[in-house]
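Got a structure for you, questions after.
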């Protein structure tokens, strides 16, 4: 409604300008032109005054008062053409802001525009089109070529190539087969497939991102309030300069000449345009920032804390060590463990199979005991793989790391140890954060002290807090010295959600992380790349620099113009034209925050194993 009223006001003022021009320069009736402009100007001034009162009631202070005073002053001293130009400046500036903000926010709105609307439900009677909101968990759906996946689900028939770029920032299409997950909002390729719905539309991945986008649009930034406070001394300065000029010259026209160049209503609003532009920039990079306040805090941040598993590491376990008792080789122990576990869905089973994809022995009579291990027949021998207490009653030495122990006919034969995978970009991320002004980098992990310290040493982390439960992680954040605030927390799991909410800025690794972490965070990294945390910091630095510059440059130019106008050098009508240029320049300057940040973003490559 506000945007629409700005356009209507601009059209109305333009219509008045045309009518007044005809009256004065074609019909030779300047009095008519003066009357028309005065009446319309007074009406718009009253409307602006009403808007200003609403702004003050909302707790904000702008420079609308200066604009109103400028219009009234020009009309009072018969500088009605100057008054008309001020009106054009104000309505045109507001309309330009609306256009600039909409353009800066286009990438965020693209997510909403692509929101899935319909779904093809498969039943015994055939295929029926229903609204995406009507899909229930367990419904069988058909996704045709080129369509948007309506809800999160699992492929049951056929294969597909899905474009998930709007969700994760990954530009390459992802091949999907039966059993793979399909995220709502991803776009299907050239073949149809069927899927079973695992979540309703309101709980699916796409709608979770939409919620983040809407929060980003609705929450104002602290810096905007700072910009409003700039208006207080600026307004007083304008009135003082105008009053002194009038007092010295005794010419009331001098007031109009000064105030005409001191009505930067769109100018002060350049700051939020810069912030929206920065959020748009982040969105293009695969980072959803919920508010401009987040960008301001990121810009000033001095401490960054990381969770370990799933954040600095990938959370993928790989085989790092194999032990075999005399009489067995390491290859035999690994082969027996993989053969017994190959039918299990446990994460360690998948890691074993990946470690020896070929020549896995055939297993029969497989029996899996939950949380204990697997027993199977391999080459007519009973093989057990799992916990030490499960595989054998004989005493043997265990290791202080994640491991699968193996026995043959009740005799312990060895173990296979596993490690987490360090993100290849982790070291570059820490180095870049230090370069961007972060003074302290911490790791707060629930893992063991020795393991956490080893990882910290390898990637360049300053302080390590290990063996911490979720409540203890919060206490670590609260104990950070005030001089080292704001504090940023980066995590991915459900157990990180309280820490993300406690920190000044919480950043969730949302590509494979939990919904709880994403919802409690201030920003969400959609792509599975830790270096985007450093890029978010860089975008925040750039955005806030542009926001400050846009405000200060505009105020400086207007102050200079006011001082010049106080000597009567700038006629009111010329001053009004100058102000139009100043407002346009500052808004365009604020849009510079949309520029891409040039950073080499390391991609995840071959995993680097670490002790788990």
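Bear in mind these aren't lab numbers, they're just calculated from the coordinates by the rules spelled out. As the structure is a prediction and not an experimental result, all values here were calculated from the model. Quick reminder, even Gly has a Cβ in these numbers, built from the backbone with ideal geometry, and neighbours come from all protein chains shown.
Going by C-beta contacts inside 10 Å, put 467, 147, 164, 200 in order with the fewest on the left.
Details: 467 12, 147 15, 164 23, 200 18.
Ascending Cβ contact count within 10 Å gives the list 467, 147, 200, 164.
Taking the beta-carbon count within 10 Å as an exposure proxy, list 581, 71, 253, 151 from fewest neighbours to most. Let's see the in-between values first.
Working: 581 11, 71 26, 253 20, 151 29.
Final ranking by Cβ density, sparse to dense: 581, 253, 71, 151.
Report the label-to-label distance for residue 485 and residue 22 in nanometres (one decimal), using points 7 Å from each Cα along the Cα→Cβ vector.
6.3 nm
What is the Cα centroid distance between the stretch 355-402 and the stretch 552-576, reported in whole angstrom?
Answer, in whole Å: 84.
Let me ask something additional. As an exercise, use a Förster radius of 56 Å and the Cβ-Cβ distance of residue 453 and residue 130 to find the FRET efficiency, rounded to the nearest 0.05. Walk me through the intermediate numbers first.
Numbers: r = 55 Å, r/R0 = 0.97.
Computed FRET efficiency for residue 453 and residue 130: 0.55.
Compute the distance from the alpha-carbon center of the stretch 304-342 to that of the stretch 458-483, in whole Å.
A separation of 28 Å, based on Cα centres.
At 7 Å along the Cα-to-beta-carbon direction for both residue 398 and residue 588, put a label point, then send me their distance in nm to one decimal.
Between residue 398 and residue 588, the simple spin-label model gives 7.1 nm.
While we're here: Between residue 411 and residue 316, what's the calculated FRET efficiency when r is the beta-carbon distance and R0 is 30 Å? Round to 0.05. Before the final figure, lay out each step's value.
Details: r = 32 Å, r/R0 = 1.05.
Working from the Cβ atoms, E equals 0.40.
With a cut-off of 20 Å, note down the residues of the stretch 145-160 whose backbone N falls inside the zone around a label point 7 Å from the Cα of residue 175 toward its beta carbon.
Output list for this probe position: 145-146, 154-160.
Sticking with this one: Fully extended, how many nm does the chain gain between residue 157 and residue 434 (0.36 nm per residue separation, minus their Cα-Cα distance)?
Working: separation 277, 0.36 × 277 = 99.72 nm, distance 4.89 nm.
Full-extension gain reported as 94.8 nm.
Could you give P(r) for the stretch 361-487, binned at 5 Å from zero, as whole percent values over all Cα-Cα pairs?
Bins of 5 Å from zero give 2, 9, 14, 14, 12, 10, 8, 9, 8, 7, 4, 2, 1, 0 percent of pairs.
How much length is gained on full extension from residue 377 to residue 249, taking 0.36 nm per residue of separation minus their Cα-Cα distance?
Values: separation 128, 0.36 × 128 = 46.08 nm, distance 10.63 nm.
Answer, rounded to one decimal: 35.5 nm.
Fewest first, what order do 472, 79 take by the number of other Cβ atoms within 10 Å?
Values: 472 13, 79 22.
In increasing order of surrounding Cβ atoms, one gets 472, 79.
Still on this structure, I have one more. Can you give the Rg to Rh ratio for the stretch 326-419, taking only C-alpha atoms and Rh from Kirkwood? Walk me through the intermediate numbers first.
On the way: Rg = 11.7 Å, Rh = 12.9 Å.
Ratio value, two decimals: 0.91.
Another question, then. Taking the C-alpha atoms of the stretch 136-199, how large are the radius of gyration and the largest Cα-Cα span, Dmax, in Å?
Looking at the stretch 136-199, its Cα Rg and Dmax stand at 10.3, 30 Å.
Shifting gears a bit: Could I have the simple spin-label model distance between residue 552 and residue 32, label points 7 Å from Cα toward Cβ, reported in nm to one decimal?
Rounded to a tenth, the inter-label distance reads 5.2 nm.
Mind jotting down the distance between the C-alpha centroids of the stretch 122-149 and the stretch 436-453, whole Å?
Rounded to whole Å, the Cα centres lie 46 Å apart.
Taking R0 as 45 Å, what's the FRET efficiency between residue 362 and residue 137 from their Cβ-Cβ distance, rounded to 0.05? Spell out each step's value before the answer.
Values: r = 37 Å, r/R0 = 0.82.
Once the sixth-power term is evaluated, E becomes 0.75.
Taking 0.36 nm per residue of sequence separation and subtracting the Cα-Cα distance, how much length would be gained by fully extending the chain between residue 467 and residue 237, in nm to one decimal? Spell out each step's value before the answer.
Values: separation 230, 0.36 × 230 = 82.80 nm, distance 5.77 nm.
Full-extension gain reported as 77.0 nm.
Provide the packing ranking of 286-292, 140-146, i.e. peptides ordered by the mean count of other C-beta atoms within 10 Å per residue, highest first. Present the calculation step by step, with values, prior to reporting the outcome.
Values: 286-292: 24.3, 140-146: 16.7.
Result, highest mean first: 286-292, 140-146.
Among 420-433, 318-331, how do they line up by average Cβ neighbours within 10 Å per residue, starting with the highest? Don't jump to the answer; show the numbers that get you there.
Working: 420-433: 21.4, 318-331: 14.5.
Averaged packing, sorted descending, gives the order 420-433, 318-331.
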